[in-house]
Amino acid sequence: MLTLSRRILLTGGILCLSLPAHAQSWPQKPVTIVVPQAAGNSPDVLCRIVAEKLSRSLGQQFIVENRPGAANLVGAQTVARAAPDGYTFLFATSAALVTNPYTFKKLPYDPVKDFVPVAMVARSNHVLLVNPEVKAKTLAELIALEKSAPGSLSMAVDGARNISGLIAQTINKQAGTSFVLVPYNTITNAIQDSLTGRTQVTIQSASVAESFIKAGTLRALAIAGNKRVDSLPDVPAIAETLKGADLQGWFMMMAPTGTPAEIVDKLSAEIAQALKSPDVQERAPVLGFDVASGDVVTPAGAKRFFDAELVATGKTIQELGIQPE
């Protein structure tokens with residue numbers, strides 16, 4: 001007959017063995033990845049590339065479900081309310097996780113309490129572009145041109161509180177300029193007005209900007225961030241002119257809080273392998289992304305990155321004087 005102490009040890013051993021077994025058997029049915037942006041956008045395309053890799057490596061279909069709307073709120077809320085069973089994940093934007101908490105008075109989700117980081121996937125690159133008629137070949141020249149006639153140059157952005165809007169306001173703050181921000185609901189309209197000269201400057205993702213740069217219909221002056229990117233090696237970083245102006249968007253896979261840690265770890269490891277694949281390495285820069293690598297692709301590293309970004313973004317928004325609405 002087993003003693004009480006041996007029964008406890010045996011029961012504990014069985015429980016410990018059952019946890020890895022649970023992860024080993026996952027996934028047993030299709031997995032949904034919610035993208036809080038419209039189908040066809042660069043983040044959606046990148047997510048689908050990664051989802052395809054996961055489908056092959058894990059033997060179950062990873063389905064991308066687009067839930068755009070309300071500055072990423074719709075998609076984020078969907079996952080926050082999903083069962084934490086390892087079958088629903090969020091391809092989260094930096095806006096959803098670290099910008100919205102400071103720009104909305106009330107959110108239908110809590111980025112810290114409702115989600116668990118799985119892996120950082122990529123950083124997104126944005127480009128400062130000007131109409132060719134603008135007589136500035138560098139960011140420094142553009143700043144000087146604006147200062148010569150304050151308020152005379154307008155800048156098309158996808159919203160004052162989105163990444164392009166924050167970049168534009170950071171330039172105004174750091175450089176002491178008065179570029180007039182013109183928010184647009186669609187990228188197409190923003191680009192069109194910059195092409196025609198209705199707005200003189202725009203900030204767009206590198207994937208959107210590249211074809212216009214090659215055609216010579218828009219001129220690239222700077223990359224948002226603190227370093228140049230491989231896809232546009234001749235375009236200097238904004239931080240080369242304005243020290244400390246380092247703003248980039250990024251994308252992170254998140255799970256609903258309560259998702260078994262073993263599943264989170266397993267998915268993180270599979271994402272890391274997917275990001276190392278040659279086709280992802282080749283296609284991501286074309287889409288305007290720097291693929292994540294190293295510690296930030298682990299759950300612990302992604303959590304540290306997320307926590308630091310939440311603090312840094314809050315500081316930036318406070319310095320810009322943006323009030324939640």
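The values are calculated or read from the model by the stated rules, or taken from the named source; none is laboratory data. Treat the numbers as computed from the prediction; the structure is a model and nothing was measured. Neighbour counts are summed over all protein chains in view; Cβ atoms, including those assigned to glycine, are modelled from backbone coordinates with ideal geometry. Just so you know, the surface numbers come from the protein's heavy atoms only, side chains and all, with ligands and any DNA or RNA stripped out. Shrake-Rupley method; radii C 1.70, N 1.55, O 1.52, S 1.80 Å.
For L153, the accessible surface of its heavy atoms amounts to roughly 20 Å² (probe 1.4 Å, protein chains only, rounded to the nearest 10). The relative contact order of the chain comes to 25 percent, based on Cα pairs under 8 Å that sit 6 or more residues apart. For segment 193-239, the solvent-accessible area works out to 42 Å² per residue, with a probe of 1.4 Å and every protein chain left in place. For E240, put the label point 7 Å out on the Cα→Cβ axis and report which residues of segment 204-222 keep their amide N under 11 Å from it. Output list for this probe position: 221-222. Around the Cα centre of segment 200-275, unit charges on the Cβ atoms of Lys, Arg, Asp and Glu (plus for the first two, minus for the last two) sum to a dipole of about 320 debye. Near the amide H of T257, within less than 5 Å, lie the amide hydrogens of F115, V116, all on another chain or at least 5 residues away, with H placed in the peptide plane. Per-residue 3J(HN,Hα) values for segment 48-57, derived from phi via the Karplus relation 6.51 cos²θ - 1.76 cosθ + 1.60 with θ = phi - 60°, read 5, 5, 5, 4, 5, 5, 5, 4, 6, 6 Hz in sequence order (x marks Gly and Pro).
For A119, the amide hydrogen comes within under 5 Å of the amide hydrogens of M253, counting only partners 5 or more places away or on other chains and with H modelled in the peptide plane. Axis angle, to the nearest 10 degrees, between helix 4-25 and the longest C-alpha principal axis of the chain: 40 degrees.
With a simple spin-label model that places each label point 7 Å from the Cα along the Cα-to-Cβ direction, the separation between T196 and S25 comes to 6.1 nm. Here's the list of lysines a cross-link from K53 could span, going by alpha-carbon distance under 27 Å and ignoring same-chain residues fewer than 8 apart: K29, K266, K276, K303. Between the amide H of D158 and those of S164, G165, Y184, distances stay under 5 Å, these residues lying 5 or more places away or on another chain, with hydrogens modeled in the peptide plane.
Multiplying each eigenvalue of the alpha-carbon gyration tensor of segment 59-200 by 5 and taking the square root yields semi-axes of 36, 16, 13 Å, largest first, rounded to whole angstroms. Rounded to the nearest 5, the antiparallel percentage of DSSP beta bridges internal to the chain is 60%.
Each of D158, D234 has its accessible area taken with a 1.4 Å probe; listed largest first, they run D234, D158. For the chain, the residue among V64, I163, T199 whose Cα projects farthest onto the positive side of the dipole built from Cβ charges is V64. Taken about its Cα centre, the chain carries a charge dipole of about 400 debye when Lys and Arg each add +1 at the Cβ and Asp and Glu each add -1 at the Cβ. Maximal additional length on extending the T138-A215 stretch stands at 25.9 nm, based on 0.36 nm per residue less the C-alpha distance. Under a model in which nothing but the beta-carbon of Lys, Arg (+1) and Asp, Glu (-1) is charged, segment 166-292 shows a dipole of about 440 debye around its Cα centre. The portion of the accessible surface of the chain made up by carbon and sulfur, rounded to a whole percent, is 55 (1.4 Å probe; DNA, RNA and ligands excluded).
Just the number please: accessible area per residue for segment 20-155, 1.4 Å probe, all protein chains included, in Å².
Computed with neighbouring chains in place, this is 41 Å² per residue.
A DSSP coil position with no more than 15 other Cβ atoms inside 10 Å describes the following GluC sites (Glu not before Pro) in segment 80-171: E133. Alpha carbon centre of segment 249-294 versus segment 207-240: separation in Å? Cα centres, segment 249-294 to segment 207-240: 25 Å.
Taking 0.36 nm per residue of separation and subtracting the Cα-Cα distance, what length does fully extending Q273 through K147 add? Numbers along the way, then the final one.
Details: separation 126, 0.36 × 126 = 45.36 nm, distance 4.85 nm.
Gain on stretching Q273 to K147: 40.5 nm.
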